[in-house]
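Enquirer: Handing you this structure, nothing more for now.
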Amino acid sequence: MTKQEKYEAFLPQLQGLIDETQQAVSVLANVCAALHTEFGWWWTGFYLVDGDKLVLGPFQGPVACYQIPFGRGVCGTAWKEQTTIVVTDVEEFPGHIACNSLSRSEIVVPVFNEEGAVCAVLDIDSKELACFDETDRCYLEKAVSLLPKTFFVAQAICKKNQEKMDEVTK
């Protein structure tokens, strides 16, 4: 089975998984698990926008960086440029953040909210050089487009509510 055929068979399954619940964290966690299991990558996860940084969200794989500043590393650059970035060799990417030294190639796909702003990124790493290509870009962009935009509205509301609670308890 070609990579394209594998994605074509996988996306309807992913849609079914996403449609099962409206719990954002649960869906993001299962999206990571499904992608990670189906494709066997080294690390698969989401970083969520929190102010001027990305914070670690649901993921599968070894431990990861907790925060990534806007415009730094592959994730921060994909956020800043609002575009998918495919890196065939992470050692050659200027400013690469090495959360794990075994990572050799990477793809980062921005996730957009209802307003068209980046609210998260899907970050996938491989232990193999040049693991990702235009097929991955195309189908992973389709995969993240399946995520309900309302998830990220809820994330912003939760953050505002937490800030209000923090102020009350001071």
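Enquirer: What does the charge count near residue 83 come to, summing +1 for each Lys or Arg and -1 for each Asp or Glu among other residues with Cβ under 12 Å from its Cβ?
Expert: 0
Enquirer: Still on this structure: Once you've got the Cα coordinates, tell me which of 6/149; 6/127; 3/127; 127/149; 80/142 are over 24 Å apart.
Expert: 6/149; 127/149
Enquirer: Another one. Angle check, please: helix 134-145 long axis (alpha carbons) against the longest principal axis of the chain (alpha carbons), in degrees 0 to 90, nearest 10.
Expert: Computed tilt is about 30 degrees.
Enquirer: Assuming 0.36 nm per residue, please report the length gained on full extension of the stretch residue 55 to residue 89 beyond their Cα-Cα distance.
Expert: 9.9 nm
Enquirer: Any idea what diffusion coefficient the stretch 1-89 gets from Stokes-Einstein, in µm²/s, Kirkwood Rh on alpha carbon pairs, 25 °C, 0.890 mPa s?
Expert: Here the translational diffusion coefficient equals 170 µm²/s.
Enquirer: Any chance you could give the angle, 0 to 90 degrees and rounded to 10, that helix 24-39 forms with the longest Cα principal axis of the chain?
Expert: Its long axis makes an angle of about 10 degrees.
Enquirer: Divide by every residue of the chain the summed helix terms, -39500 (n - 2.57) for each DSSP H run of at least 4, and state the resulting mean residue ellipticity at 222 nm, rounded to the nearest 500 deg cm²/dmol.
Expert: -14000 deg cm²/dmol
Enquirer: Across the stretch 116-129, in residue order, what do the Karplus-derived ³J(HN,Hα) couplings come to in whole Hz, using 6.51 cos²θ - 1.76 cosθ + 1.60 with θ = phi - 60° and x for Gly and Pro?
Expert: Result, rounded to whole Hz: x, 8, 5, 10, 6, 9, 9, 10, 10, 10, 10, 7, 9, 5.
Enquirer: Please turn the phi angles of the stretch 93-99 into ³J(HN,Hα) values with the Karplus equation 6.51 cos²θ - 1.76 cosθ + 1.60 (θ = phi - 60°), one per residue in order, whole Hz, x for glycine and proline.
Expert: 8, x, x, 3, 9, 8, 6
Enquirer: If one takes the longest principal axis of the Cα atoms in the chain, at what angle in degrees, from 0 to 90 and to the nearest 10, does the Cα axis of helix 3-19 lie?
Expert: So the helix axis and the longest Cα principal axis differ by about 20 degrees.
Enquirer: Determine the sum of side-chain charges near residue 60: Lys and Arg each +1, Asp and Glu each -1, restricted to other residues whose C-beta is under 13 angstrom from that of residue 60.
Expert: Charge balance in the 13 Å sphere: -3.
Enquirer: Put a dot 7 Å past each Cα toward the Cβ at residue 9 and residue 37; how far apart are the dots in nm?
Expert: Distance between label points: 1.5 nm.
Enquirer: Once each part is reduced to its C-alpha centroid, what is the distance from the stretch 1-60 to the stretch 78-117 in angstrom?
Expert: 16
Enquirer: Express the relative contact order of the chain as a whole percentage, based on alpha carbon pairs under 8 Å and six or more residues apart in sequence. Write down the numbers at each step before the final one.
Expert: Details: 273 pairs, mean separation 32.6, N = 170.
Relative contact order comes out at 19 percent.
Enquirer: Over all directions, average the projected area of the Cα convex hull of the chain and note it in nm².
Expert: Over every viewing direction, the Cα hull of the chain projects on average to 10.1 nm².
Enquirer: Over the chain, with the other protein chains present, what is the accessible area per residue in square angstrom, probe 1.4 angstrom?
Expert: Using a 1.4 Å probe on heavy atoms only, each residue of the chain averages 53 Å².
The values are calculated or read from the model by the stated rules, or taken from the named source; none is laboratory data. Owing to the predicted nature of the structure, the values given are computational and were not obtained by experimental measurement. So basically every Cβ, Gly included, is an ideal-geometry build from the backbone, and we count neighbours across all protein chains shown. We work out accessible area using only protein heavy atoms, side chains counted, and drop any ligands, DNA or RNA first. Shrake-Rupley method; radii C 1.70, N 1.55, O 1.52, S 1.80 Å.
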